[in-house]
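Engineer: The following block contains the structure, expressed as structure tokens.
The values are calculated or read from the model by the stated rules, or taken from the named source; none is laboratory data. Small disclaimer: the values here were computed from a predicted structure and weren't measured. When we count neighbours, we look across all protein chains shown, and the Cβ atoms used for this are built from the backbone with ideal geometry, even at glycine. The accessibility values were calculated without ligands, DNA or RNA, using every heavy atom of the protein model including side chains. Shrake-Rupley method; radii C 1.70, N 1.55, O 1.52, S 1.80 Å.
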Amino acid sequence: MRLLVTGGAGFIGTNFVRYVHSARPDWHIRVLDKLTYAGRRENLQDLEGSGRYQFVRGDICDPVAVRGVMSDVDAVVNFAAETHVDRSIMDAGSFVRTDIEGVWVLLEELRRGSPAGDSTRFIQISTDEVYGSVEQGLSKESDQLRPTSPYSASKAGGELLAMAYFHTHGVAVTVTRSSNNYGPWQYPEKLIPLFITNALEGQPLPLYGDGGNRRDWLYVEDQCAALLAVLEKGTPGAVYNIGGGQELENSRVARAIVEATGASEDLIRLVADRPGHDRRYGLDCSRVRTETGWHPVTPFEEGLARTVEWYRENVSWWSGIKSGEFRKYYESMYGGRLSAGRGPSAGGKV
Ligand code: NAD
Ligand code: DAU
């Protein structure tokens, strides 16, 4: 198997490449990554001498770069994306380019390089956010898509385009829609790594709104196992929900992090809400379970303990990030919110 992993130097990509490299010792893995603020080649540096791993820097929106890495592969797993909802609210341009146009470039190359019916697999990694906020119950793969943020709308565009290439051109597309991942190598803009690293630094934990929004947490190693199962046993033309089955209020996650890091609960601050903040997502994962046998095995408490341990042991990884581009981003995203008066909904304690 020759596998192309686009966006492989980001959070899930890094974990997936490492997982597959170890689980499938006869597979060759090539990563194509633009190395945006979220990508780090050094995450996978130790694999570079293995003879089964190759890193190429390039943009999925660039047809020449894509052609150069795709011609000889058996499967493509596309993680490459702009992924942070808050950033998509500040500026959606790069989301539209990478999450829609980039997917189109990959699909065009697959269509051109392989006549209809060829079996080069294409796994498009999508998100539970394409269903929009689901106040109650669980979303099935056949449910209507109602994305609400520029991020989720772009991801919906990308996966719909991918399915269109399956139906129209016979490209062997499979889509996965995952819930919130957490674990090692996650960029510290996302809730769990931001709160862990802030707690370790004695900095405030800015909880949006009333802290009552809910997310379903999936430990990244379980995600990797699911994606390998879908790659090996999933059906072209199918969509698979992949959830952790561990739904928690954000305030509960914040308290768990305070406990796991030994920080003070006083660090948790309620701050002004994210515009258009989806209240809840929930996934029915019976299809992936029935068709591939996969199910998540890591309880949240265990996954969180492992994640906290990783961030404790890899301070140089995240402190370098937090002192760079991140600092400007953090100031514009949180500066005003955290300095706002302490009230029940802005700057107040939980
Ligand atoms: P991430 O932000 O950590 O990493 C994204 C990677 O893509 C980075 O390495 C970046 O350099 C690369 N990239 C961005 N634009 C690129 C481009 N134009 N060309 C090539 N490479 C580019 O993201 P993540 O959290 O690992 O998410 C990976 C995928 O999984 C994304 O498609 C995301 O939408 C999806 N997803 C993530 C989660 C989650 O909880 N993190 C949940 C569901 C789905
Ligand atoms: O659901 C899957 C999605 O999960 C992925 O598709 C996205 O790529 C990924 O970023 C993630 O999106 P969320 O918006 O759910 O993740 P985030 O970590 O940004 O936020 C999780 C919850 O925590 C959400 O309700 C917003 C809240 N939050 C987040 C941050 C960064 C806070 O209260 N404070 C914060 O500072």
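Engineer: For the chain, what number of Lys pairs, 8 or more residues apart or on separate chains, have alpha-carbon atoms under 28 Å from each other?
Structural biologist: Lysine pairs meeting both conditions in the chain amount to 16.
Engineer: Separate question: Given a 1.4 angstrom probe, I'd like the percentage of the accessible area of region 1-68 that is carbon and sulfur, rounded to a whole number.
Structural biologist: 48 percent
Engineer: Something else: Could you provide, to the nearest whole Å², the per residue accessible area of the chain with probe 1.4 Å?
Structural biologist: 40 Å²
Engineer: Obtain the radius of gyration and the Kirkwood radius of region 123-204 from its C-alpha atoms and give Rg over Rh.
Structural biologist: Radius of gyration relative to Kirkwood radius: 1.10.
Engineer: If every alpha-carbon in region 6-59 counts as one equal scatterer, what log10 I(q)/I(0) does Debye give at q = 0.14, 0.21, 0.25, 0.31 1/Å?
Structural biologist: -0.30, -0.66, -0.93, -1.37
Engineer: Work out how far the C-alpha atoms of region 45-132 reach from end to end along every principal axis, then list the three figures in whole Å, largest first.
Structural biologist: 39, 38, 25
Engineer: Right, next: What per residue convex hull volume, in Å³, do the alpha-carbon atoms of region 233-350 yield?
Structural biologist: Spelled out: Cα convex hull of region 233-350, divided by residues, is 175 Å³.
Engineer: Taking only the alpha carbons of the chain, what extent do you get along each of the three principal axes, in Å, biggest first?
Structural biologist: 62, 45, 37
Engineer: A further question follows. Expressed as a whole percentage, what fraction of the accessible surface of region 233-332 belongs to carbon and sulfur atoms when a 1.4 Å probe is rolled over the protein heavy atoms? Write out the running numbers ahead of the final one.
Structural biologist: On the way: 2280 of 4810 Å².
After summing per-atom areas, the C and S share lands at 47 percent.
Engineer: Given springs between every Cα pair under 10 Å in a Gaussian network model of the chain, which of Gly132, Gly211, Gly68 has the largest fluctuation?
Structural biologist: Looking only at Gly132, Gly211, Gly68, the largest GNM fluctuation is found for Gly68.
Engineer: Related question: Can you give the accessible area of Ser339, probe radius 1.4 Å, in Å² rounded to 10?
Structural biologist: We get 90 Å² for Ser339.
Engineer: Show me the ranking of peptides 320-326, 256-262 by mean Cβ neighbours inside 10 Å, starting with the highest.
Structural biologist: Values: 320-326: 14.1, 256-262: 17.6.
Highest to lowest by the protection proxy: 256-262, 320-326.
Engineer: Sticking with this one: With θ taken as phi - 60° and the coefficients 6.51, -1.76 and 1.60, list the Karplus ³J(HN,Hα) couplings across region 158-170 in order, rounded to whole Hz; mark glycine and proline as x.
Structural biologist: Using θ = phi - 60°, the values come out as x, 6, 5, 4, 4, 5, 5, 6, 5, 5, 8, 10, x Hz.
Engineer: Along its principal axes, what span do the Cα atoms of region 1-159 show, with the longest given first and each in whole Å?
Structural biologist: 48, 37, 31
Engineer: Give me, ordered by chain and number, the residues 5 or more places off Asn180 or on other chains with an amide H under 5 Å from its own placed amide H.
Structural biologist: Here Asp216, Leu218 satisfy the definition.
Engineer: On average, how much area does the Cα convex hull of region 154-247 cover when viewed from any direction, in nm²?
Structural biologist: Convex hull of Cα atoms, orientation-averaged projection: 7.7 nm².
Engineer: As a test question: what accessible area, to the nearest 10 Å², does Arg30 have when a 1.4 Å probe is rolled over all protein chains in place?
Structural biologist: Number for this one is 40 Å².
Engineer: If you don't mind, there's one more thing I want to ask. Accessible surface of Ser332 in the full protein assembly, 1.4 angstrom probe, to the nearest 10 Å²?
Structural biologist: Number for this one is 80 Å².
Engineer: Per residue of region 33-44, in order, report the coupling 6.51 cos²θ - 1.76 cosθ + 1.60 (Karplus, θ = phi - 60°) as ³J(HN,Hα) in whole Hz, putting x for Gly and Pro.
Structural biologist: Per-residue couplings from phi come out as 8, 6, 6, 6, 4, 8, x, 9, 4, 5, 4, 10 Hz.
Engineer: HN-Hα J couplings of region 270-283 from phi, Karplus 6.51/-1.76/1.60, θ = phi - 60°, integer Hz, Gly and Pro as x?
Structural biologist: After applying 6.51 cos²θ - 1.76 cosθ + 1.60, I find 7, 10, 3, 6, 6, x, x, 4, 5, 6, 7, 10, x, 10 Hz.
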